[in-house]
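Let me begin by presenting the structure, written as structure tokens, before commenting on it.
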């Protein structure tokens with residue numbers, strides 16, 4: 001899956017993604033906003049507890065974001081923003 005051109009600019013895209021995520025009332029609404037803005041990237045809503053051993057790529061006032069990559073079958077966390085297939089998204093605990 002190709003990442004969008006916007007995600008290849010890590011600072012700008014993460015800041016924008018986090019601002020969008022933080023602006024939403026719920027994590028589900030945040031996911032919808034991110035899916036619309038960063039299509040065709042996937043947005044996977046997770047529980048922050050399940051990600052407790054991972055360092056988020058971005059942490060806002062209300063939400064946490066991790067980079068996600070996929071080989072077409074399995075998903076995993078990645079810090080390589082140029083290779084993203086999507087984001088993991090959680091409410092901040």
All positions within the range 55-93 that are farther than 18 Å from residue 29 by Cβ, in contact with a helix residue (DSSP H, G or I) (Cβ under 8 Å, 6 or more places away or on another chain) and assigned to a loop (DSSP other than H, G, I, E, B): 57, 84, 93
Of the criteria (1) at pLDDT 90 or above; (2) part of a helix (DSSP H, G or I); (3) within 18 Å of residue 78 (Cα to Cα), which one residue 43 fails: (2)
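May I ask you to verify whether residue 30 is in contact (Cβ under 8 Å) with a residue 40 or more places away in the chain, out of contact with any strand residue (DSSP E or B) (no Cβ under 7 Å at 6 or more places or on another chain) and either assigned to a helix (DSSP H, G or I) or surrounded by fewer than 16 Cβ atoms within 10 Å (Cβ to Cβ) (or both)? It would help to see each step written out before you state the result.
Details: in contact (Cβ under 8 Å) with a residue 40 or more places away in the chain: yes; out of contact with any strand residue (DSSP E or B) (no Cβ under 7 Å at 6 or more places or on another chain): no; either assigned to a helix (DSSP H, G or I) or surrounded by fewer than 16 Cβ atoms within 10 Å (Cβ to Cβ) (or both): yes.
So residue 30 fails the test.
Does residue 24 satisfy the criteria of being over 13 Å from the mean Cα position of the chain (by Cα), surrounded by 15 or more Cβ atoms within 10 Å (Cβ to Cβ), modelled with pLDDT of 90 or more and on the phi < 0 side of the Ramachandran plot?
On the way: over 13 Å from the mean Cα position of the chain (by Cα): yes; surrounded by 15 or more Cβ atoms within 10 Å (Cβ to Cβ): yes; modelled with pLDDT of 90 or more: yes; on the phi < 0 side of the Ramachandran plot: yes.
Against the criterion (over 13 Å from the mean Cα position of the chain (by Cα), surrounded by 15 or more Cβ atoms within 10 Å (Cβ to Cβ), modelled with pLDDT of 90 or more and on the phi < 0 side of the Ramachandran plot), residue 24 qualifies.
The values are calculated or read from the model by the stated rules, or taken from the named source; none is laboratory data. Note that this is a predicted model, so its numbers are computed, not measured. Backbone-built Cβ (ideal geometry, glycine too); neighbour counts: all protein chains shown.
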